[in-house]
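Presented below is the structure to which this report refers.
Read-outs: derived from the displayed coordinates by stated rules, not from any lab. Please read these numbers as outputs of a predicted model, since none were measured by experiment. FYI the Cβ positions are ideal-geometry reconstructions off the backbone, even for glycines, and counts take in every protein chain you see.
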There are 2 protein chains.
Amino acid sequence: MSLLNPKKELEREALITNLLKEKGLSITAPRKLILGLLLKEHGPFSAEEILHSLPKNSCDQATIYRCLNQFVEVQLVNTSFLEKDMAHFEYNDPHHHHHHIICRICKKIESFHECLMEKIETNLQRKGYKDIQHRLEFFAVCETCAKG
Amino acid sequence: MSLLNPKKELEREALITNLLKEKGLSITAPRKLILGLLLKEHGPFSAEEILHSLPKNSCDQATIYRCLNQFVEVQLVNTSFLEKDMAHFEYNDPHHHHHHIICRICKKIESFHECLMEKIETNLQRKGYKDIQHRLEFFAVCETCAKG
DNA sequence: ACTATTTTTGCAAATTACTTGCAAATCAAA
DNA sequence: TTTGATTTGCAAGTAATTTGCAAAAATAGT
């Protein structure tokens, strides 16, 4: 824990605890660690990155996956599939809706906040990105499943 | 091969062959089968679905993956990650740019052609979809990599 | 607080989409 | 058709993610 600002740390603790409670998840050490990391640093992170960012042996990788999946279920966290064989996870902050761009070569990930595609592409071009493609997918519950 | 319309079949053959040639890929039986399927039916298909749609033993699964990856490289085919542990593939028809919606429960995939998000979401709501989320990601070559 | 009940965790093994090494088959160029 | 390069099939390998199970921790009731 940070020795520099114990008050802020307490606030963070309370925030994490509240978020978990609101979503009906019990308060456990691994869940606080993982959610705490996602709140402090703004990802997206792979499960492996999370594992290595947390204190050694503080949390098993199976637990990390299980917690992340639960967080995604209750929409506390978003998943992206920026690389094909590895998911990335990020705190789902409703006030900071944004999207990602990944370099096809070096895999560096950046975020941006515009939300109209032509505008976004123009801005990306100005930033020097070449050969831009996008992928937009919607996820929802269809009429049949909503009734069943 | 279809006995109903041999002329159309020949045209299709020629189209497939031309597409492969244009992209600098040699003409092989598996490549023709896979691309042919993607041209005839409009996916997206998983590799497994492609395997089972082709005539028994006409093509190994390793070959299917290799061909699909080559098609993606030359931008003849697009990939989506609609389900988290399985890629879907679709012919990249520049005249029919579109996006997908997948039901979070039954995994049924539909396509639509609008390209502004609010409009899309409104239309999806009219179709009865609930709890709509979207995921938009850009892929490009960053300035550093373009120079290096 | 204490205990009982439920939930969660850690570990190790399993799963599964996807990839790869290699010898045999097929393709393309001349 | 022959020659050399590319591609294929097969079987084994890889790596992210999941799962079974017993032990540990969290919650609810008293």
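Couplings 3J(HN,Hα) for segment B:116-121, derived from phi with the Karplus relation 6.51 cos²θ - 1.76 cosθ + 1.60 (θ = phi - 60°), are 10, 5, 5, 4, 4, 5 Hz, where x marks Gly and Pro. Taking the Cα atoms of segment A:1-100, the ratio Rg/Rh between the radius of gyration and the Kirkwood radius comes to 0.95.
With its label point defined 7 Å out from Cα along the Cα-to-Cβ axis, B:ASP60 lies at 3.8 nm from the matching points of the other copies, in increasing order. Of all the options B:PHE45, B:PHE81, B:PHE138, the one that moves most in a Gaussian network model of chain B with Cα springs shorter than 10 angstrom is B:PHE138. Across segment A:6-115, the relative contact order, built from alpha-carbon pairs under 8 Å that are at least six residues apart, equals 20 percent.
Averaged over peptide A:125-133, the number of partner chain Cβ atoms lying within 10 Å of each residue's Cβ comes to 5.
Across A:ASN57, A:ASN69, A:ASN92, mean-square fluctuation computed from a Gaussian network of chain A (C-alpha pairs under 10 Å connected) peaks at A:ASN57. For chain B, the longest principal axis of the alpha carbon atoms and the long axis of helix B:6-22 meet at an angle near 80°.
In nanometres and ascending order, the distances from the B:GLN125 label point to those of the other copies are 3.2 (point 7 Å from Cα along Cα→Cβ). For the options B:LEU15, B:LEU51, B:LEU68, a Gaussian network treatment of chain B with springs between C-alpha atoms closer than 10 Å singles out B:LEU15 as fluctuating the most.
With the simple model of a label 7 Å out from the Cα in the direction of the Cβ, A:LYS21 to B:GLU73 spans 5.6 nm.
Projecting 7 Å from Cα along the Cα-to-Cβ direction, the label point of B:GLU13 sits 7.6 nm from its equivalents in the other copies, listed shortest first.
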